1. If packing is taken as the average count of other Cβ atoms within 10 Å, what order do 150-156, 114-120 fall into, highest mean first?
2. Show me the ranking of peptides 408-416, 49-57 by mean Cβ neighbours inside 10 Å, starting with the highest.
3. With label points built 7 Å along Cα→Cβ from the Cα atoms of Asp352 and Val391, find their separation and express it in nm.
4. Every cysteine in the chain with no other Cys Cβ under 4.7 Å from its Cβ, please list them in numeric order.
5. Based on the mean of other Cβ atoms within 10 Å per residue, sort peptides 348-360, 381-393 so the most packed one is first.
6. Summarise the accessible area of the chain (1.4 Å probe, protein heavy atoms) by the percent that is carbon and sulfur.
7. Using r as the Cβ-Cβ distance of Ala174 and Arg254, and R0 as 45 Å, what FRET efficiency do you calculate, to the nearest 0.05?
8. Provide the per-residue ³J(HN,Hα) series for region 61-76, in order, calculated from phi with Karplus coefficients 6.51, -1.76, 1.60 and θ = phi - 60°, each as a whole number of Hz, with x at glycine and proline positions.
Amino acid sequence: MVHKPDTQVLIIGGGIGGLLLATICRKVNIQCKVLERTKQLEPVGAGISLAPNALKVLEQLGLYEEIKRTGQPLKKVMIHRNTTKWRELDFGAESYYGYPVYSIERHHFHHMLYEAAGGEEVVVLDAKVEDVIDKPEEEYVKVKLADGRELSGEVVVGADGIRSITRRILARNAGMDAVNTIRFTGRVHMSGYTAPMPNLGPEELGVANWLFYDDSILTTWPCKDNRQWFIGVKMADPNSVQEKNRSVWSGTTREMINDVYGEKFHPFGENGMVKDVVNRSERIVASNVYEEVSFASMSAGRVALLGDAAHSMTSFFGQGACQAIEDATELGNLLQRYFSVPAEKRLSNVDDVLKEYSIRREARAKDIVAFSSNYAKVHMGKLPYGMGPLVRKLVYAYAPAWSWMWYLGWLYGYQPTVDAVR
Ligand SMILES: Cc1cc2nc3c(=O)[nH]c(=O)nc-3n(C[C@H](O)[C@H](O)[C@H](O)COP(=O)(O)OP(=O)(O)OC[C@H]3O[C@@H](n4cnc5c(N)ncnc54)[C@H](O)[C@@H]3O)c2cc1C
């Protein structure tokens with residue numbers, strides 16, 4: 001009797017990375033299912049910025065027109081130290097890398113990906129994965145759900161985010177302590193997305209603000225119709241039991257954010273204050289900032305990890321989702337090559353394909369996690385020997401715009417695409 005798996009690729013997690021991989025599978029005729037634990041699609045967060053390294057594949061997959069229609073390209077960054085304006089930095093990535101950085105409302109982007117992935121035909125909601133069983137003697141990998149259901153696939157991809165169960169299972173199987181490989185960075189951040197700001201005009205469209213206060217930082221990103229997406233970061237108070245427990249921002253409200261930032265300067269506030277921006281927000285969320293400290297391999301046997309499940313990073317340079325998109329693209333290419341050959345003619349087994357994926361992705365992921373961590377220290381002005389404020393001033397106030405664009409070549413210049421889609 002010939003046994004068949006439920007699908008070729010089982011993806012755990014319907015976040016940005018999982019949905020993008022499902023979109024690619026659909027385009028290249030690989031059967032897949034996405035198992036998402038939530039009952040409804042519930043993207044966490046307010047906005048998201050998509051950089052040139054992710055936009056090329058999104059264009060190839062037919063999603064760029066909608067991003068352009070509903071997002072806002074970044075043109076310029078105004079940088080302030082408290083109320084003192086350091087400069088206006090031209091951020092013309094498009095002329096260097098073919099694409100600007102686009103800010104877009106996160107829910108909208110997530111829903112675009114859901115539809116592109118095949119919607120309810122592909123994404124199984126209310127499907128919380130509890131175990132992944134990959135025994136070499138068994139023909140397929142099995143996934144067990146919390147409600148007792150069991151599904152099988154030729155490949156399983158853990159795209160289940162920062163607290164990935166897949167990563168913990170792989171660690172357990174490798175005999176490692178199944179501890180988290182992520183660390184709380186000691187920083188907490190909150191984020192919100194505003195309605196259009198009526199006091200802003202065409203001059204402010206596409207203008208971001210990076211504000212360095214004495215005890216915290218705030219960035220605001222320009223979105224469609226002069227909406228602002230804001231992210232504030234402050235160090236957790238080392239004396240606060242609540243913050244040590246890292247739950248201080250749960251259930252965040254506008255008032256809580258205004259307690260920290262409300263009276264501080266913001267050039268886009270009607271009265272020059274952050275609270276003028278926060279009070280126009282439609283959605284507020286908050287979370288603690290984590291980063292990867294010890295890297296598990298991005299694959300083991302017939303199971304691969306992707307996105308935050310493989311390499312969580314700070315949000316400071318807006319690359320977490322972009323890296324999940326890069327991962328999905330590279331993994332999609334390798335899976336397409338593997339599945340396009342009839343089973344009896346395949347020369348490699350799927351373990352080797354996933355190993356190749358890990359080799360291709362791990363070095364870049366580590367570089368970007370390190371970059372993101374170091375950039376966070378410069379941005380917060382927290383470097384060893386008290387050098388933070390000086391280095392921050394040199395980088396932000398004096399480094400010419402071309403040097404920023406030149407430096408970012410290693411990040412933005414790498415733009416993977418799906419080989420089989422032309
Ligand atoms: C404030 C903030 C701002 C950011 N800004 C940017 C930015 O501008 N640009 C950028 O590129 N990145 C940004 N990031 C990072 C980005 O949000 C993440 O890196 C990205 O969402 C990771 O995508 P993912 O698909 O790997 O994981 P996630 O988006 O976390 O998705 C994981 C999915 O898996 C599901 N899941 C988890 N466990 C299970 C289970 N057991 N069974 C089934 N399903 C499960 C979850 O419900 C979730 O839907 C930001 C992050 C934060 C916090």
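The values are calculated or read from the model by the stated rules, or taken from the named source; none is laboratory data. This structure is a prediction, so every number in the text was calculated from the model and none was measured. FYI the Cβ positions are ideal-geometry reconstructions off the backbone, even for glycines, and counts take in every protein chain you see. For the accessible areas, the whole protein counts, side chains as well, though only heavy atoms, and no ligand, DNA or RNA atoms are used. Shrake-Rupley method; radii C 1.70, N 1.55, O 1.52, S 1.80 Å.
1. Numbers: 150-156: 21.6, 114-120: 16.1.
For the peptides 150-156, 114-120, the packing ranking is 150-156, 114-120.
2. Working: 408-416: 16.1, 49-57: 24.2.
So the order, starting with the most tightly packed, is 49-57, 408-416.
3. 4.4
4. When partners are defined as cysteine Cβ atoms under 4.7 Å apart, the chain leaves Cys223, Cys322 without one.
5. Numbers: 348-360: 17.7, 381-393: 13.6.
Peptide ranking by packing, descending: 348-360, 381-393.
6. Values: 9250 of 18360 Å².
In the chain, the share of accessible area belonging to carbon and sulfur is 50 percent.
7. 0.50
8. Running phi through 6.51 cos²θ - 1.76 cosθ + 1.60 with θ = phi - 60° gives 7, x, 9, 5, 4, 5, 5, 5, 5, 10, x, 9, x, 7, 10, 8 Hz.
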